[in-house]
Amino acid sequence: MVKRIILIVAIAMIAFSGVAMADDTTTVSVSASVNGTCKFRTGGTIIFGALDPNSGVDVDGTITQPTFWCSKGLGYTISDDNGLHESGSTHNMLGPSADLIPYTFTYSDTGTGSGAGSTNTKTMNIASTVLGADYINATHGSYSDTVTLTITP
């Protein structure tokens with residue numbers, strides 16, 4: 001009889017231990033989104049130096065190109081505001097006596113495109129020229145302008 005009770009208790013323990021130790025699973029959802037963004041890393045400069053009215057030759061600017069990056073796969077467009085002293089779509093440098101010297105301001109290859117991520121900096125390809133005919137009768141002094149670039153994702 002004792003053996004029978006022990007056997008019944010052992011069977012009950014095995015039966016209950018299987019229920020108490022049953023496996024179960026659940027899932028945890030994980031999600032994120034990456035913001036699409038574009039940022040300029042560096043600005044640029046265009047230096048024409050000393051323009052000699054006696055020579056009247058066209059002068060190409062010495063250019064330090066702006067750099068930027070955009071999120072991987074994000075399309076972008078770069079535009080400019082024609083500078084502070086624009087006349088229509090003409091870029092102008094302002095000098096003494098409100099004299100203006102027009103200059104070209106173009107960029108290619110990177111005006112539109114697709115980003116490659118923040119570790120893949122792109123360099124613009126700006127070109128700029130002052131025509132000799134545009135400064136041979138300019139007032140002596142310093143001329144300047146500021147062009148604002150905008151990058152739009």
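The values are calculated or read from the model by the stated rules, or taken from the named source; none is laboratory data. The structure presented is a predicted model; accordingly, all values stated were derived computationally and were not measured. Neighbour counts are summed over all protein chains in view; Cβ atoms, including those assigned to glycine, are modelled from backbone coordinates with ideal geometry.
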**Request:** Give the residue that is farthest from the chain's Cα centre (by Cα), with candidates limited to residues of the range 28-53 that are farther than 30 Å from residue 73 by Cα and either modelled with pLDDT under 95 or β-branched (Val, Ile, Thr) (or both).
**Result:** 47
**Request:** Have a look at 113, 83, 117, 141 and point out the one that is surrounded by 12 or more Cβ atoms within 10 Å (Cβ to Cβ) and either among the charged types (D, E, K, R) or farther than 16 Å from residue 38 by Cβ (or both).
**Result:** 83
**Asked** Right, residue 33: assigned to a loop (DSSP other than H, G, I, E, B), in contact with a helix residue (DSSP H, G or I) (Cβ under 8 Å, 6 or more places away or on another chain) and exposed (fewer than 14 other Cβ atoms within 10 Å of the Cβ) or not?
**Response** no
**Message:** What's the total number of residues in the range 48-63 that are assigned to a strand (DSSP E or B) and farther than 14 Å from residue 106 by Cα?
**Reply:** 1
**Request:** Just give me the residues in the range 97-148 being among the aliphatic types (A, V, I, L, M) and either more than 23 Å from residue 68 (Cα to Cα) or over 11 Å from the mean Cα position of the chain (by Cα) (or both), in sequence order.
**Result:** 98, 100, 101, 126, 127, 130, 131, 133, 136, 138, 147
**Prompt:** From the list 91, 85, which one is farther than 19 Å from residue 153 by Cα, part of a strand (DSSP E or B) and either of a type in the set (A, V, I, L, M) or at pLDDT 95 or above (or both)?
**Reply:** 91
**Fill in**
Here the qualifying pairs (Cβ atoms under 8 Å; residues six or more apart or on different chains; first in the range 129-153 and in a loop (DSSP other than H, G, I, E, B); second of a type in the set (Ser, Thr, Tyr)) come out as 139/97; 145/103; 153/37; 153/71; 153/76
